[in-house]
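A.B. asks: The structure is given below, and queries will be raised subsequently.
The values are calculated or read from the model by the stated rules, or taken from the named source; none is laboratory data. Note that the structure is predicted; figures quoted are calculated from it, not measured. FYI the Cβ positions are ideal-geometry reconstructions off the backbone, even for glycines, and counts take in every protein chain you see.
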Amino acid sequence: MSFQTSALILSWIAILLLAFTVSGLVRQVHALSSGAVQRRPESVGLRPGAAAPGFARLAPVAPAVPLVLLFLEPDCGTCTEVLAEAAGHVDRPGLEFRVLYRDTPSAQAAGLPITVLGGQAELFERYDALATPFATVVDRTGRVLRAEPLGSRAALRRLLAEVDSPPGGSGPAVATNQGGRA
């Protein structure tokens, strides 16, 4: 067998291995984006019912609706998408937003009608927001309803649909958080 034939066979084997790898990655991305994988990391975010750290500072006037805290980073592409999605829900009755940045807020946040707070590294730690974008929903009494990482705009839409107040205004319809700290 000549060198060229051997190189050609090895090239085809490498191409097939690469195709299988890409196929597996595409399946994983599709599963994550379609919501098929609902399991969240066990050790992130505060448990439902826990007191929300710094709630009085985040909501100086007691909100009449749940407060959605979005933990974002300026150099995160998904964070930019989640911020744009949140901006589209600002006028939605039954929810109030706060966008928190560890250091300096992104330039995209400057012109939006959302309360944006920079320099919140302490709250990132206290809310256990290890990855961004991350969302925590706090009820009007200052108790955590949900805490979870967001992987896309669709994840934020799903979260907002689950915490949206029912028409009677008797409180948020919230699915319980899976996982959390013990």
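A.B. asks: Test residue 81 against the stated conditions and say whether it is modelled with pLDDT of 85 or more and of a type in the set (Asp, Glu).
C.D. replies: Yes: the conditions hold for residue 81.
A.B. asks: Further, regarding this structure: Here is a list: 65, 99. Which entry is β-branched (Val, Ile, Thr) and modelled with pLDDT under 85?
C.D. replies: On inspection, the qualifying residue turns out to be 65.
A.B. asks: Sticking with this one: Counting only residues that are exposed (fewer than 13 other Cβ atoms within 10 Å of the Cβ), among the aliphatic types (A, V, I, L, M) and closer than 18 Å to residue 99 by Cα, which one in the range 11-62 is modelled with the lowest pLDDT?
C.D. replies: Initial filter on the range 11-62 (exposed (fewer than 13 other Cβ atoms within 10 Å of the Cβ)): 11-31, 34-39, 41-43, 49, 51, 56-57, 60-62.
Then drop every residue that is not among the aliphatic types (A, V, I, L, M), which leaves 13-19, 22, 25-26, 29, 31, 36-37, 51, 56, 61-62.
Those left that are additionally closer than 18 Å to residue 99 by Cα: 56, 61-62.
Working: 56: 84, 61: 76, 62: 68.
By that ranking, first place goes to 62.
A.B. asks: Just checking: which of the strands (runs of 3 or more DSSP E) contained wholly in the range 97-153 hold 1 or more residues that are surrounded by fewer than 20 Cβ atoms within 10 Å (Cβ to Cβ) and over 16 Å from the mean Cα position of the chain (by Cα)?
C.D. replies: Per the criteria, 115-117.
A.B. asks: Taking the range 73-115, which residues are on the phi < 0 side of the Ramachandran plot and of a type in the set (Gly, Ala, Ser)?
C.D. replies: If the condition is that a residue be on the phi < 0 side of the Ramachandran plot and of a type in the set (Gly, Ala, Ser), then 77, 84, 86, 87, 88, 106, 107, 109, 110, 111 are the ones that fit.
A.B. asks: In the range 48-74, how many are more than 21 Å from residue 149 (Cβ to Cβ) and either in a loop (DSSP other than H, G, I, E, B) or touching an Asp or Glu at 6+ places or on another chain (Cβ under 6 Å) (or both)?
C.D. replies: 7
A.B. asks: Would it be correct to say that residue 110 is modelled with pLDDT under 90 and within 18 Å of residue 147 (Cβ to Cβ)?
C.D. replies: The answer is no for residue 110.
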